[in-house]
Amino acid sequence: MEKTIKEFSELLLEKIKNKKIHIVSHYDTDGITSAAIFSKTLERLNKQFSLKIIKQLTKTEIDAFPKDKLIILLDLGSGSLKELANLNNEIFIIDHHEIELIDSKIYILNNHLFNNYENLCSAELSYLVSRDISEENKDLSNLAILGMIGDTMEKDINKTRNKIINEANVKIKRGLLIYPSTRPLDKALQYSARPFIPGITGDPKGTLDLLKEIEIEKSGKNYKSLIDLDEDEMKKLVTAIMLRLNYHESSKELEPTNLIGNLYLIKFLNRIEDAREISAIINACGRMERTEIALMLCLGNTSARKKAETVYLKYKQNIISGLKYIEENSKIQGNNYIIINGKDKIKDTIIGTLASILSFSSVYKEGTIIIAMAYNEDKIKISTRVAGRSKSNKSLRDLMNHVTACLGGESGGHKEAAGCVIKKNDEERFIELVKKKFEYETITV
Ligand code: C5P
């Protein structure tokens, strides 16, 4: 792998010498931190560049690439090689999504192509290239950690990741995986979306009742933070939360092993922070379409912190109100599926997060396929997930591909989490198509 990284970074340095550069990156935490790593690296090389952060690499986005620039794609591109190969630009891709290699002039760094595969995110790959370019870039290792946490890879510590963790001076502490672990407990509980704790999330009174029940009192003006709890307090808290979660075997996110884990404490803007919290703030800015704030934050701009916190708060309120909207409004309930139509009441950028939260909670029966929809101007964003821990025998990716084969649009994803975008005019056709597909499959089973 080291050789591949070296060859890639040498080639990149050579090709950017006399070229204008345009970076395109994905709007999630991994994409934004990758963009920040590359921005800093190019800035230190005194190279000017333009940058765009996007939701998805659609044909429209590809057509909008500047014709006269070298393109660097971060955290996307692996699924669009055919379309990209038609461009005249020189293209570099750093990505960790699955890839079908085609013969082309595109320069690709993707860990799926390594001889010895290691699970790495795009920010980690970007960091490895950046550090190869200059040792000075070692200070960007924190951003690689944030990207890695954003893509929930922290349980899978491989050799390269371990090296990056050491370079970033991360402190790892065991604790309850509710965040921010560095902030007062009442706030952390009240805003906990994963897990969504009934009677606690979004409920200040319920939170205070729980803390009273387990005899945790304010120390001074505020409650203690999670990382400051002693063993006994932690035990009581875990038990109380398990009870609220109505813990049972079928909910994958609710297992004790998933509630307790490693907290990653990193130094960020001169403070010790819970990496999951910073990662969540960056993600929120992306989802709320304020990627410029997230990028500034990643680049160390202290004034961006306050702005990012405000966006984060709005995002959390959006999540809570989205969950409430879903709870209170009618849904199409099938035998083994549920269609949730958020229409224009839920942002298209958070519909996937809501579908994930519901799939991890115990709201729907194990194995139920959750199909969640939200408008985006003249389009509809659709996110699908499977409830509970059982592996579905249906591929949601196939389902989404079937939808776009019938209605047009763009689809993709994995067996258990997939999505698509269709035209808004096709709303009813989509619902009928899904119903038919499930009914037909039920009959043919
Ligand atoms: O957007 P959502 O979170 O529902 O996406 C689930 C998965 O499907 C993700 O891996 C996403 O990248 C993929 N997806 C895709 N093309 C789409 C929508 C989602 O590849 N049009």
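The table below lists the values:
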{"quantity": "Matching helices (runs of 4 or more DSSP H) fully within the range 110-192 where at least 2 residues are assigned by TED's automatic domain parsing to the domain that holds Lys224", "calculated": "185-190"}
{"quantity": "Any hit, the range 360-371, residues being outside any helix (DSSP H, G or I), closer than 18 Å to Ser330 by Cβ, within 12 Å of the ligand (Cβ to nearest atom) and over 16 Å from the mean Cα position of the chain (by Cα)", "calculated": "yes"}
{"quantity": "Identity of the residue in the range 380-395, more than 10 Å from the ligand (Cβ to nearest atom) and among the charged types (D, E, K, R), that ends up modelled with the highest pLDDT", "calculated": "Lys394"}
{"quantity": "Hey, Thr160 within 23 Å of the chain's Cα centre (by Cα) and at pLDDT 85 or above or not", "calculated": "yes"}
{"quantity": "Flag if Ile216 is over 20 Å from Leu263 (Cα atoms) and in a loop (DSSP other than H, G, I, E, B)", "calculated": "yes"}
{"quantity": "Tabulated pairs, the range 341-358, first within 10 Å of the ligand (Cβ to nearest atom), second part of a loop (DSSP other than H, G, I, E, B), C-beta under 6 angstrom, 6+ apart or interchain", "calculated": "Ile351/Gly342"}
{"quantity": "Test: residue in the range 23-37 that is loosely packed, with under 15 Cβ neighbours inside 10 Å and not in a helix (DSSP H, G or I)", "calculated": "no"}
{"quantity": "Boolean, Leu399 is more than 20 Å from Ile346 (Cβ to Cβ), within 15 Å of the ligand (Cβ to nearest atom), touching a residue at least 24 places away in the same chain (Cβ under 8 Å) and among the hydrophobic types (A, V, I, L, M, F, W, C)", "calculated": "yes"}
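The values are calculated or read from the model by the stated rules, or taken from the named source; none is laboratory data. A quick note: this is a predicted structure, and the numbers were derived from the prediction, not measured. With ideal geometry, Cβ positions are generated from the backbone for all residues, glycine too; neighbour counts draw on all protein chains shown.
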